[in-house]
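Visitor: This is the structure, below, for whatever I ask next.
The values are calculated or read from the model by the stated rules, or taken from the named source; none is laboratory data. Small disclaimer: the values here were computed from a predicted structure and weren't measured. Here Cβ is always computed from backbone atoms with ideal geometry, including for glycine, and neighbour counts include all displayed protein chains.
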Amino acid sequence: MATRSASTFCLLVYALIATCCVGCGDRGGPERVAVSGTVTYNGTPIPEGTIRFVPGPTSSVPLSGASIKEGAYNADQNGGVPVGTHKIEIEAFRKVQPSGQRATGGLHSNEEFRQQYLPDRFNKRSELEIIIEAGSANIVQDFELND
């Protein structure tokens, strides 16, 4: 009898493992589209920054984003940006000397800090928007930001 309960237990364990593995492949989720392009500020490519695709308040899709390097971005992680309407938030960073520290000497003289320098209307209070349509091919969207 002990052998039969051990076999039953093994079958239950195998069934549990098989059930868990079913979800290990394609997780489904929202349709996504890769979005890439360039970002300039006053005609100059942003050397370093971030771009975020923030879904609308009634949407259940996740936020997406990408790094900006030398003015270029490519939001293709996890398949890209989910289908729907998204607010665009763009930040640009530059290296700055921390206030109150001298350029040479001192304990933290080699420490670098980054400062976000774009106006709030391109990030915190952004009105930039993109609509990702279902069935779209990869999208190229450039952003020319100006004062």
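Residues are listed down the side, and each one gets a yes or a no for (1) modelled with pLDDT of 50 or more; (2) in a loop (DSSP other than H, G, I, E, B):
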residue	(1), (2)
Phe9	no, no
Cys24	no, yes
Val39	yes, no
Asn74	yes, no
Thr85	yes, no
Ala92	yes, no
Gln101	yes, yes
Arg114	yes, no
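Visitor: Identify, please: which residue in the range 41-60 is within 21 Å of Asn138 (Cα to Cα) and in contact with a Leu (Cβ under 9 Å, 6 or more places away or on another chain) and is, among those, surrounded by the most Cβ atoms within 10 Å (Cβ to Cβ)?
Guide: Only one residue fits best here, namely Phe53.
Visitor: Could you list all residues from the range 61-99 that are surrounded by fewer than 14 Cβ atoms within 10 Å (Cβ to Cβ) and within 20 Å of Thr40 (Cβ to Cβ)?
Guide: Listed by number, the residues that qualify are Ser67, Lys69, Glu70, Arg94, Lys95.
Visitor: Scan the range 59-88 for residues that are touching a Phe, Trp or Tyr at 6+ places or on another chain (Cβ under 6 Å) and in contact (Cβ under 8 Å) with a residue 40 or more places away in the chain and jot them down.
Guide: Listed by number, the residues that qualify are Val81, His86.
Visitor: Do we find that Gly56 is on the phi > 0 side of the Ramachandran plot and of a type outside the set (D, E, K, R) in this structure?
Guide: For Gly56, the condition - on the phi > 0 side of the Ramachandran plot and of a type outside the set (D, E, K, R) - is not met.
Condition check ((1) among the hydroxyl-bearing types (Ser, Thr, Tyr); (2) more than 11 Å from the chain's Cα centre (by Cα); (3) part of a loop (DSSP other than H, G, I, E, B); (4) closer than 14 Å to Asn123 by Cβ) across all residues:
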| site | (1), (2), (3), (4) |
| --- | --- |
| Gly29 | no, yes, yes, no |
| Thr50 | yes, no, no, yes |
| Phe53 | no, no, no, yes |
| Thr58 | yes, yes, yes, no |
| Pro62 | no, no, yes, no |
| Ser67 | yes, no, no, no |
